[in-house]
1. Are there any GluC sites (Glu not before Pro) in segment 315-357 that are in a DSSP loop and have at most 14 other Cβ atoms within 10 Å? List them by number.
2. Please give the charge dipole size of segment 1-139, origin at the Cα centre, charges +1 on K and R Cβ atoms and -1 on D and E Cβ atoms. Round to the nearest 20 debye.
3. Compute the projected area of the convex hull of the Cα atoms of segment 276-357, averaged over all viewing directions, and report it in nm² to one decimal place.
4. Amide H to amide H, which residues 5 or more places from LEU21 or on other chains are under 5 Å from it, using H placed in the peptide plane?
5. Tell me, SER270, SER4 in order of fewest to most beta-carbon neighbours within 10 Å?
6. Using the scaling law 2.2 N^0.38 Å as the reference, what is the normalised Cα Rg of segment 91-141?
7. Going from the alpha-carbon gyration tensor of segment 74-195, what semi-axes, largest first and in whole Å, does one get by taking the root of 5 times each eigenvalue?
8. With springs only between Cα atoms under 10 Å, which of ARG186, ARG199, ARG92 fluctuates most in a Gaussian network model of the chain?
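Derivation of every value follows stated rules applied to the coordinates shown; laboratory data play no part. Predicted model, so just to flag it, every value in this text is computed and none were measured. Glycine gets a Cβ as well: all are built from the backbone with ideal geometry, and neighbour counts include every protein chain shown.
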Amino acid sequence: MRLSELRIENLRVVSESTLVLPAGWSVFVGPNGAGKTSLLEAVFLLSHGRSFRSASRDTLSRVGGRGFSVFGRIERADGISHRLGLARNNNRLEARVDGADVTLGALVQACAVVCFEPGSHELINGAADGRRRYLDWGVFHVEHEFLDDWRRYQRALRQRNVLLREGAADQELDPWEAEMAASGERLSRYRADYVEQLRPILQEILGTFLGELGEPVLVFEPGWSGPQALSAALRDGRSRDRDRGHTGRGPHRADWSVGFARAPRREHLSRGQEKLCALAFVLAQARLHAVRCGEWPILCFDDLASELDRAHLAVVLEVARNSGAQVLMTGTEVPAALAGAGCDATVFHVEHGCVTP
């Protein structure tokens with residue numbers, strides 16, 4: 001997959017920019033605060049419908065502006081191209097594919113981007129919702145029924161929570177719990193299957209990055225205990241859930257964890273090891289996407305040279321070069337390791353939100 005054209009208006013410090021991008025490597029260089037990360041953020045928005053930063057969509061618009069827009073032209077490996085657009089106007093998010101208004105899900109389905117950036121370590125040590133999003137993005141691109149099941153589960157979950165707060169009787173909870181159990185069990189199977197397919201790829205990459213920690217162990221937690229059926233878990237939790245006013249068990253509580261023979265818990269990892277671990281997950285997800293979908297996603301690396309030591313940077317560059325994927329990188333300068341890795345890159349200069357080749 002390749003992004004051949006990118007057009008941005010009023011996104012953070014970028015007032016207006018149009019870029020024609022090569023199929024290979026693009027490096028965006030410039031001082032801190034120049035707008036380099038905003039370029040990767042724009043690409044990520046087309047693939048995820050949200051920023052990789054934790055702030056809300058309301059903060060994406062340029063100061064003084066009422067919204068933003070991002071346009072991209074995607075060229076797929078099978079020769080099919082799509083024109084993608086995402087805009088925020090009057091607090092409303094609008095998505096388009098080939099000129100037609102579509103749901104956010106349809107936009108995300110058309111574009112695949114993975115990104116490693118300075119905050120990526122939160123995938124390892126942050127809140128569980130980020131780890132669920134990681135799984136769900138990977139599942140979404142290969143399981144066509146996933147989004148429908150996810151929506152059905154979320155709707156039933158909202159209804160059950162309302163009834164819990166209203167003190168509804170058991171018979172009023174029954175139909176919503178039945179819907180949660182049916183769709184939720186399928187969601188959990190999708191996620192568990194994805195983890196199983198991810199595991200060997202992840203173990204290989206982690207062995208290269210963090211081999212000194214010993215054998216890695218990836219554990220998926222579905223959100224309720226052991227072999228118990230979700231329907232039974234919901235029934236058993238009614239009294240406690242009524243007291244709390246929300247549902248405490250189910251796929252909305254799912255999580256995963258990674259440990260090592262010499263560092264069994266995430267708390268045992270240093271910040272540098274957390275970053276390497278997160279990077280391994282990003283690269284493993286990209287490789288699994290290529291296996292299952294027939295093409296690599298676009299790889300984005302924000303300030304990679306300052307996040308990694310020289311040896312690990314060389315390994316990542318080699319993995320990216322061997323993949324044949326389109327790569328977008330940022331930095332205060334062109335990493336010297338690029339030449340050593342045999343990566344021929346087109347360089348763009350970024351300053352005050354303006355981009356020039």
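1. Answer in residue order: GLU333.
2. Roughly 200 debye for segment 1-139.
3. 5.9
4. Residues meeting the criterion, in which the H sits 1.01 Å from N, are GLU5, LEU6.
5. Ordered from fewest to most neighbouring Cβ atoms within 10 Å, SER270, SER4 come out as SER270, SER4.
6. Details: Rg = 13.7 Å, N = 51, 2.2 N^0.38 = 9.8 Å.
After normalising by residue count via 2.2 N^0.38 Å, the value is 1.40.
7. Numbers: eigenvalues 194, 74, 54 Å².
So the equivalent ellipsoid measures 31, 19, 16 Å along its semi-axes.
8. ARG92
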